[in-house]
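The values are calculated or read from the model by the stated rules, or taken from the named source; none is laboratory data. Quick caveat: nothing in here was measured; it's all calculated off a predicted structure. Heads up, the Cβs are rebuilt from the backbone with ideal geometry, glycines too, and the neighbour counts pull from every protein chain shown. Accessible surface areas use protein heavy atoms only, side chains included; no ligands, DNA or RNA. Shrake-Rupley method; radii C 1.70, N 1.55, O 1.52, S 1.80 Å.
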Amino acid sequence: MQSITFPDGTRVPAIGQGTWHMGEQPGERKREVAALRQGLELGLTLIDTAEMYAEGGAEEVVGDAIAGRREQVFLVSKVYPWNASRKGAALACERSLKRLGTDHLDLYLLHWRGEHPLEETVEAFERLREQGKIARWGVSNLDLDDLHELPVGCAANQVLYNPEARGIEFDLLPFQQQQGIPLMAYCPVGQGGRLLRNEAIREVARRHQASSAQVALAWALRQQGVIVIPKAVDPLHLKQNAEAHKLQLSADDLALIDHGFPPPRRKRPLEMV
């Protein structure tokens with residue numbers, strides 16, 4: 001499995017597991033837990049979740065999935081911006097830890113920027129790190145100007161990145177690559193299926209006898225320092241995700257995708273979903 005190195009030298013798989021929309025339907029819980037466990041067996045040992053997802057429901061699903069195998073997992077969660085104060089972040093982290101059934105997070109992210117100053121949030125994160133509640137901290141949905149406000153110590157930035165949303169290639173992604181800050185790409189296979197039905201993506205998939213999702217993941221993974229966190233529950237999709245790193249896109253493949261989704265030529269506002 002292709003791996004990515006965090007600033008402190010910790011290595012994680014470049015393909016992880018997302019959990020957005022998990023925990024929303026009680027009848028799906030066993031299936032979601034089984035999917036996460038299958039992902040772990042396939043080497044997808046980075047699991048990303050958040051207190052926002054199903055208002056803690058996704059964290060509870062993850063907690064069930066990693067019970068008895070916490071040491072295998074690089075566990076990521078995120079705090080609501082309105083909880084990201086000195087006191088609020090500590091309380092939110094405790095709630096997340098309880099739902100996840102663990103005593104620490106490997107990475108704790110600010111979900112997006114809110115009313116609390118970044119300096120205050122980072123102070124709360126550093127206190128949690130000193131207490132052993134989190135191993136490292138980072139951010140999500142922050143653009144380049146926001147990153148410049150952060151002190152040294154940010155371990156990652158999680159943003160929307162796929163062929164439909166590639167504005168970050170103009171400045172944010174190059175900056176993170178230069179600084180050695182991993183970029184976690186959420187929704188790497190798009191939303192609603194439109195990207196996977198795109199003719200350019202489908203043509204590249206046909207060339208390689210691969211799925212459209214594998215092409216989208218390989219496209220993101222071509223970039224240095226990028227971690228993709230697709231969500232999958234179907235066993236076949238999980239297996240395909242785990243094997244996406246084996247797909248090597250040619251210059252012709254990339255040119256075809258560029259024709260359908262032109263790279264940015266100027267600064268664009270950071271896209272979010």
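Taken over segment 46-55, the criterion of being over 18 Å from residue 189 (Cα atoms) and either outside any loop (DSSP other than H, G, I, E, B) or open to solvent by less than 30 Å² (accessible area, probe 1.4 Å) (or both) is satisfied by 50, 51, 53, 54, 55. Residue count for segment 1-19, restricted to those that are part of a loop (DSSP other than H, G, I, E, B) and under 20 Å from residue 178 (Cβ atoms): 6. Taking the condition surrounded by 22 or more Cβ atoms within 10 Å (Cβ to Cβ) and either at pLDDT 95 or above or of a type in the set (A, V, I, L, M) (or both), does residue 216 pass? When the stated conditions are applied, residue 216 passes them. Scanning segment 97-111 turns up one or more residues that are within 20 Å of residue 185 (Cβ to Cβ), modelled with pLDDT of 95 or more and either in a loop (DSSP other than H, G, I, E, B) or open to solvent by 20 Å² or more (accessible area, probe 1.4 Å) (or both).
On inspection, residue 271 passes the criterion of being among the charged types (D, E, K, R) and surrounded by 14 or more Cβ atoms within 10 Å (Cβ to Cβ).
To keep it simple, each residue is scored yes or no on (1) free of Cβ contacts under 8 Å to residues at least 24 places away in the same chain; (2) buried (at least 23 other Cβ atoms within 10 Å of the Cβ); (3) within 16 Å of the chain's Cα centre (by Cα); (4) outside any loop (DSSP other than H, G, I, E, B).
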position	(1), (2), (3), (4)
21	no, no, yes, no
28	no, no, no, yes
31	no, no, no, yes
36	no, yes, yes, yes
57	no, no, no, yes
60	no, no, no, yes
65	no, yes, no, yes
78	no, yes, yes, yes
82	no, no, no, yes
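For first residues located in segment 143-165 and within 23 Å of residue 49 (Cα to Cα), partners that are in a strand (DSSP E or B) and of a type in the set (Asp, Glu) and lie 6+ apart or on another chain with Cβ distances below 9 Å form the pairs 158/48.
The criterion of at least 2 residues that are within 20 Å of the chain's Cα centre (by Cα) is met, among helices (runs of 4 or more DSSP H) falling completely within segment 157-273, by 172-179, 212-221, 235-243. Would you mind telling me which numbered condition in (1) buried (at least 22 other Cβ atoms within 10 Å of the Cβ); (2) hydrophobic (A, V, I, L, M, F, W, C); (3) touching a Gly at 6+ places or on another chain (Cβ under 9 Å) residue 232 fails? Only one criterion is unmet by residue 232, namely (1).
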